[in-house]
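**Q** Dumping the structure here so I can ask a few things about it.
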Amino acid sequence: HIRTAPPLTRAGCLGRCSRIVAPVVSGRLALASSRRSPPRSTHAPTRGPRRHVGFHSLLASSSDVMASEDEHDGGSSHGGFEEDSMVLKILIAATAAGSIIGKGGSTINEFQVASGARIQLSRNGETFPGTTDRVISLGGPVEAILGALHMMIEKLTQDGENMVEGEPRVRVVVPNASCGAVIGKGGATIRHFQEDSGADIKLSSQDRMLPGVTDRVLTVTGDAANVLRAIANVATALSEDEGYLPHARRPSAFLSSSPGPAPGGGGARGRGREPRPGEVTVTVAVPDEHIGAVLGKGGRTISEIQVASGVRIKVSDRGDFIPGTRNRSVTLFGTEQGTRAAQALLAQKLSNPGPL
């Protein structure tokens, strides 16, 4: 029984994974996943510059920012998966993340070494839009990704996490534009995947997507072996969709929330708000009386701006003003293009508090 699975070892876990998915991972999938990747750069990324933007400067420059954005075609990725032959993104409950990370990162490091896949977990407080779930990104050859996923399923099952009525549940992030490759004509493909694997497969409705979100969630539930086989089928279909990989390699859109105030009440100084390597940081000063227009009802406006621009946004806590002013700090973390887009959207919202 899966709850009494043997210890997680490379030979044992990957051997069982291979027996489950070998009939699926063949033909075009095997050829696609065996492509050589170019050498990885050995240069460590550097942190980007910090900038400060005043409220009136933000409003005055909004038209220039939006015009500049029209000159660009897409955003640049700093997610680190540009060289991987396949990328798969999985949702995990925030409460279950500790099972995957392990003490001092020991478990996630073990999974990476044993499987050969690269694994990234979104930061604490960064969740997939519309959920409270963090995002696990898996990169590498398809077989390595499935091996890492098998280890995760077994570990989560042993810890009683990500379960539905005693069975494992895995949720895969799928770009809306690639869903047709999973669904098939008249639903024929997804029905075949269910029949072939014995797992229950459900795709979230397109109508329930939040504004600005371009991904849907595929939920796979069943016995661990069935779930893994179903995801192998899905990975096969996605790997053959030309539009999937460029989308999957881009950084995910997260909704950032504070895991709790830092000592001293400095909301902008808490954990998880330092810029990532390669990011720029822009701080906008917004008068306290205008901060409601930035946040929106229930945080909807700031969530939509984050999704639309691809940046993380942190608003300083109530009463935490920029010294000598009554202004709150709105800090943007992201690419140069993303922060410029976010500034334009903030300016639009502050000058016109109607719908974004």
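The values are calculated or read from the model by the stated rules, or taken from the named source; none is laboratory data. These numbers were taken from a predicted model, which means no experiment stands behind them. For neighbour counting, all protein chains shown are included, and Cβ atoms are generated from backbone atoms with ideal geometry for every residue, glycine included. Surface accessibility is based on the protein's heavy atoms, side chains included, excluding ligands, DNA and RNA. Shrake-Rupley method; radii C 1.70, N 1.55, O 1.52, S 1.80 Å.
**Q** Taking into account only those residues within the stretch 292-315 that are assigned to a loop (DSSP other than H, G, I, E, B) and small (Gly, Ala, Ser), which is nearest to residue 278 (Cα to Cα)?
**A** Only one residue tops the list, namely 310.
**Q** Oh, and also: State whether the residues of the stretch 108-120 include one that is of a type in the set (Asp, Glu) and closer than 30 Å to residue 299 by Cβ.
**A** No, the stretch 108-120 contains no residue that is of a type in the set (Asp, Glu) and closer than 30 Å to residue 299 by Cβ.
**Q** Let me ask another. What are the residues in the stretch 122-171 that are at pLDDT 80 or above, buried (at least 23 other Cβ atoms within 10 Å of the Cβ) and at positive phi, if any?
**A** Selection gives 140 alone.
**Q** Looking at the structure I just gave you, is residue 224 free of Cβ contacts under 8 Å to residues at least 40 places away in the same chain, farther than 30 Å from residue 298 by Cβ and either polar (S, T, N, Q) or open to solvent by less than 10 Å² (accessible area, probe 1.4 Å) (or both)?
**A** No, not satisfied.
**Q** Still on this structure, I have one more. Taking the residues in the stretch 95-121 that are aliphatic (A, V, I, L, M) and open to solvent by 50 Å² or more (accessible area, probe 1.4 Å) as candidates, determine which candidate is nearest to the chain's Cα centre (by Cα).
**A** Of everything passing the filter in the stretch 95-121, 101 is nearest to the chain's Cα centre (by Cα).
**Q** Taking the options 351, 329, name whichever one is more than 21 Å from the chain's Cα centre (by Cα), surrounded by fewer than 23 Cβ atoms within 10 Å (Cβ to Cβ), among the polar types (S, T, N, Q) and at pLDDT 85 or above.
**A** Among 351, 329, only 329 is more than 21 Å from the chain's Cα centre (by Cα), surrounded by fewer than 23 Cβ atoms within 10 Å (Cβ to Cβ), among the polar types (S, T, N, Q) and at pLDDT 85 or above.
**Q** When residues of the stretch 92-109 are filtered for being in contact with an Asp or Glu (Cβ under 8 Å, 6 or more places away or on another chain) and β-branched (Val, Ile, Thr), how many remain?
**A** Filtering the stretch 92-109 for residues in contact with an Asp or Glu (Cβ under 8 Å, 6 or more places away or on another chain) gives 92-96, 99, 102.
Now drop any that are not β-branched (Val, Ile, Thr), which leaves 92, 95.
Selection size over the stretch 92-109: 2.
**Q** Check the stretch 200-207 and report whether any residue there is at pLDDT 95 or above and open to solvent by less than 50 Å² (accessible area, probe 1.4 Å).
**A** Scanning the stretch 200-207 turns up at least one residue that is at pLDDT 95 or above and open to solvent by less than 50 Å² (accessible area, probe 1.4 Å).
**Q** If residue 318 satisfies all but one of (1) modelled with pLDDT of 85 or more; (2) open to solvent by less than 50 Å² (accessible area, probe 1.4 Å); (3) not in a strand (DSSP E or B), what's the number of the condition it fails?
**A** Every condition holds for residue 318 apart from (2).
**Q** Still on this structure, please answer the following. Could you check residue 253 against (1) closer than 27 Å to residue 324 by Cα; (2) at pLDDT below 80; (3) in contact with a Pro (Cβ under 7 Å, 6 or more places away or on another chain) and say which number it fails?
**A** Residue 253 satisfies all of (1) closer than 27 Å to residue 324 by Cα; (2) at pLDDT below 80; (3) in contact with a Pro (Cβ under 7 Å, 6 or more places away or on another chain) except (1).
**Q** With the requirement that a residue be open to solvent by 20 Å² or more (accessible area, probe 1.4 Å), of a type in the set (Gly, Ala, Ser) and in contact (Cβ under 8 Å) with a residue 12 or more places away in the chain, what does the stretch 185-199 give you?
**A** 198
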